[in-house]
Amino acid sequence: MDDMLFWSLLEDACEMGKFIVAVPNSAASANIVGKIELGHDGGERVLQKRNRPNYHVHFKPEMISEFAFVHLDTGHGLEPCLEVRATEGQPVLRLYYKGKRATGHYDKFMQKNSGYAAFINGSWARPNNPQGGEVSNDDAAPTGIFVTPHASDDEEEMHVS
């Protein structure tokens, strides 16, 4: 994916609200909880927790092929999730949406980015609706991560098991 397009789509996703940002792999997952924004680590662009630049994720945009709006069952029923996928189709980043009106935020995102439909897959329409886009299950995902909520101080955090 083109560098400018990647960062533009990611910036628009940040505007959707609060997320749990999960960077999965086959053995572990790193999570950032809260509102997110684009920032810089030295001269490199990153996705970071709002006002907390030490909590960030680096990317190689040339290895990203699409943004996929899916519903994942993390053990608490289907939840809206935005997956940033590599050219091979596997998720390299998951943005678990933790707000209300997911469908409305999705519609606004799509309206703003309608010209880039070739790089956007799925929908946050109702997951029970067969026309509603992808429904995934973490058991079938190559990462094998399981995420559960755990309250901590003033915000909700996710723990991986």
Picking from TYR96, TYR106, TYR116, the residue that is within 14 Å of the chain's Cα centre (by Cα) and either at pLDDT below 85 or farther than 26 Å from ALA28 by Cβ (or both) would be TYR106
Picked from region 52-77 (must be more than 26 Å from GLY42 (Cα to Cα), modelled with pLDDT under 90 and touching a strand residue (DSSP E or B) at 6+ places or on another chain (Cβ under 7 Å)), the residue surrounded by the most Cβ atoms within 10 Å (Cβ to Cβ) is THR74
Across (1) at pLDDT below 90; (2) farther than 20 Å from LEU5 by Cβ; (3) surrounded by 13 or more Cβ atoms within 10 Å (Cβ to Cβ), CYS81 clears everything bar (1)
Among the residues of region 85-115, the number that are within 17 Å of LYS18 (Cβ to Cβ) and out of contact with any Ser or Thr (no Cβ under 9 Å at 6 or more places or on another chain) is 12
Subset of region 47-103, residues in contact with a helix residue (DSSP H, G or I) (Cβ under 9 Å, 6 or more places away or on another chain), within 15 Å of ASP12 (Cα to Cα) and outside any strand (DSSP E or B), comes to ARG50
Reported set for region 31-70 where residues are more than 14 Å from ALA86 (Cβ to Cβ) and of a type in the set (Ser, Thr, Tyr) is TYR55
Sole miss for ASP12 among (1) charged (D, E, K, R); (2) in contact with a helix residue (DSSP H, G or I) (Cβ under 9 Å, 6 or more places away or on another chain); (3) in a strand (DSSP E or B) is condition (3)
All-but-one check, PHE19 against (1) farther than 24 Å from GLN111 by Cβ; (2) among the hydrophobic types (A, V, I, L, M, F, W, C); (3) out of contact with any helix residue (DSSP H, G or I) (no Cβ under 6 Å at 6 or more places or on another chain), failing number (1)
Of the residues in region 16-45, those that are of a type outside the set (A, V, I, L, M, F, W, C), in a loop (DSSP other than H, G, I, E, B) and touching a residue at least 24 places away in the same chain (Cβ under 8 Å) come to GLY17, ASN25, SER26
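The values are calculated or read from the model by the stated rules, or taken from the named source; none is laboratory data. Bear in mind that the values here come from a model prediction, so they are computed numbers and not experimental data. Here the Cβ is made from the backbone with ideal geometry for all residues, glycine too, and neighbour counts use every protein chain on show.
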